[in-house]
Structures are given as structure tokens and as C-alpha cells.
Amino acid sequence: MKRRACLTTLAAVACASTANAAGPDGGIQIHVDLNVDPAKEKQMLQHFAKDFKPAAAKFQGYIDVKIIKLRKAFVGKAPEGLNYRFVLQYQSEELRQKWIASDIHQKVWGMIEGTLRSKNYDVLLFDV
């Protein structure tokens, strides 16, 4: 019976450690509103999946990254030209800064930027 109690405790500790990996508050999220050229949409999605996401995932502090396509604004008005939103989550802003300062980030973000109609995009930082 003591063995079962020990294993249960170890499992609980492992789950708590995994849950806290992002920090007590879940880290940060960056939201970038993009105006992707419709003629280059497929190219952007390929760069995101094959280049950007795998590179970002290798860096310390990485939690998740998504690219989401705007379907419709139900209430209010979407920012002009917005057709995609890029969402990156890291354990901290300090760790994200290390990622964006890297040479590989410059390369893979440049691939995404090359598909945009404008490089004047909003970048919003959120606490999670």
C-alpha cells in the first residue's frame, strides 16, 4: 500500500511540475495582426509550419505558436487589412527576447514577412 501512495504522490508532483512549467501565471503571449497577401497565403502557411514553428519550438521558454485566420468580426470591426493573427506563447518575455534576437528567428520571420502586403503590423504583449 505504501508503494501505491508513493507512486500517487510522484504522479501528482510530476503533473504539478508540468503545469507550472509555464510559470505560475502561464507566461506571456504575443499577438501580431498580419495583412497576408492572398496570392502568397499558401506560401506563408508553408513557411509557418515547416520553418517558423519547428525553429521556435527549439528555444528555451517556448510554449506554443499558432497562426489563425480571421473568418468574421461579430461585434465591432476588425483592424483594417487584418486577415491573419500570429499568436506566440513563451514562459517569459525575457526568454522570448532571446528567441527574437537569434539569427534563426531573423531568417524564419523574414520568410513570413515576405508574404505580407505591409510590414506595418501591430504587436501586442499579453500576460497569460
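The values are calculated or read from the model by the stated rules, or taken from the named source; none is laboratory data. What you see is a predicted model, and the numbers here were worked out from it, not measured in a lab. We place every Cβ from the backbone using ideal geometry, glycine too, and count neighbours over all the protein chains shown.
If you go through the range 63-98 and keep only what is over 11 Å from the mean Cα position of the chain (by Cα) and basic (Lys, Arg), you end up with Lys69, Arg71, Lys72, Lys77, Lys98.
Could we say that Ala55 is free of Cβ contacts under 8 Å to residues at least 12 places away in the same chain and either surrounded by 15 or more Cβ atoms within 10 Å (Cβ to Cβ) or under 15 Å from His31 (Cα atoms) (or both) here?
no
Ser118 - would you say it is within 18 Å of Gln29 (Cα to Cα) and of a type in the set (Ser, Thr, Tyr)? No; evaluated as a whole, the condition is false for this residue.
Scoring His47 on the criteria (1) of a type outside the set (Val, Ile, Thr); (2) modelled with pLDDT of 95 or more; (3) assigned to a loop (DSSP other than H, G, I, E, B) leaves a single failure, condition (3).
Any idea which residue in the range 74-96 is surrounded by the most Cβ atoms within 10 Å (Cβ to Cβ), counting only those that are assigned to a loop (DSSP other than H, G, I, E, B) and without any contact (Cβ under 8 Å) to a residue 40 or more places away in the chain? This residue is Ala78. Residue check: is Gln60 under 17 Å from the mean Cα position of the chain (by Cα) and part of a helix (DSSP H, G or I)? In short, no. Checking the range 109-122 against the condition returns no match, with no residue being at pLDDT 95 or above, in a strand (DSSP E or B) and surrounded by fewer than 17 Cβ atoms within 10 Å (Cβ to Cβ). For the range 29-56, the candidate set comprises residues that are of a type in the set (S, T, N, Q) and in contact with a strand residue (DSSP E or B) (Cβ under 8 Å, 6 or more places away or on another chain); within that set, the residue that is farthest from Leu95 (Cα to Cα) is Asn35.
Only one of the numbered conditions (1) surrounded by 11 or more Cβ atoms within 10 Å (Cβ to Cβ); (2) under 15 Å from Glu41 (Cα atoms) is violated by Arg71, and that is (1). Against the list (1) modelled with pLDDT of 95 or more; (2) out of contact with any Lys or Arg (no Cβ under 9 Å at 6 or more places or on another chain), the condition Asp33 fails is (2).
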